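Notes for the one structure printed next.
The values are calculated or read from the model by the stated rules, or taken from the named source; none is laboratory data. Just so it is clear, the structure is predicted and the values come from calculations on it, not from any experiment. Counting neighbours? That spans all protein chains shown, and the Cβs are built from the backbone with ideal geometry, glycine included.
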Amino acid sequence: MRYTIPFIVLILIFSSIPAPVLSHDYYPLADGNYWMLKNTDPDSPKTRVIKLKRYGEEEGVYLLIRQTNDEADRLVIREAESGIELLESHVKTFFGDVDFNYDPPQIFFPKELFPGQTWTVSGTTKLGDLTINSISRARVEGMENVEVPAGLFKDCLRIKQDYYINALKISTNYMWLAPEVGIVKEKSASDEFQLVEYVILNKEVAVQFGGKMATVWASIKSLGNP
């Protein structure tokens, strides 16, 4: 009897720990996926559009475009056994526009995500005579429900990202990812962006026409026309 209470406590502790989830479910990859977010400051309105496009000839490689008003970052990502890999990036910094080529590829999102998990993206490049060392440290802080103009999304992952340039911490950002949807909210020191519309496309090969296999694009979820 004296072991019963500790045993029950252990069961309650482990049953309350969320099981790992797959990054592909929380950051769905498909040619044509689209998210539009708007910031919450009415005095300084901004629109952020995030799009995925097929990139090159290799299967599972995508160009990720993140455009906020007239400024855009571009990343090349790839589906892999380890999760989602980062191959290249073209980003805006206070030094100017900077290109990174990641060799070896960096982990954009690990295959499995769970509260407490951490990972790092690092890259080095040159801008003229200046060497730029960039580091991003990410941590899954927890899981929560998020309500934004696009709707109520349950079981969202809250991820904290600390960014460093040449060992100097330049920013801390947060993102919320919803299952089967992806990005629903982003927050920095100066802005909060919330999802207002999105389109998610899932590629399925399951239908035959005239004896030939056809590719069907399904699961189109949209709150507007991109």
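Residues in segment 178-193 that are in a strand (DSSP E or B), surrounded by fewer than 20 Cβ atoms within 10 Å (Cβ to Cβ) and under 14 Å from the mean Cα position of the chain (by Cα): Lys187 alone.
There is no residue in segment 139-156 that is under 29 Å from Glu180 (Cα atoms), touching a Ser or Thr at 6+ places or on another chain (Cβ under 9 Å), in contact (Cβ under 8 Å) with a residue 40 or more places away in the chain and surrounded by fewer than 19 Cβ atoms within 10 Å (Cβ to Cβ). Restricting Tyr102, Tyr34, Tyr55 to those that are surrounded by 11 or more Cβ atoms within 10 Å (Cβ to Cβ), modelled with pLDDT of 90 or more and closer than 17 Å to Ile183 by Cα reduces the list to Tyr34.
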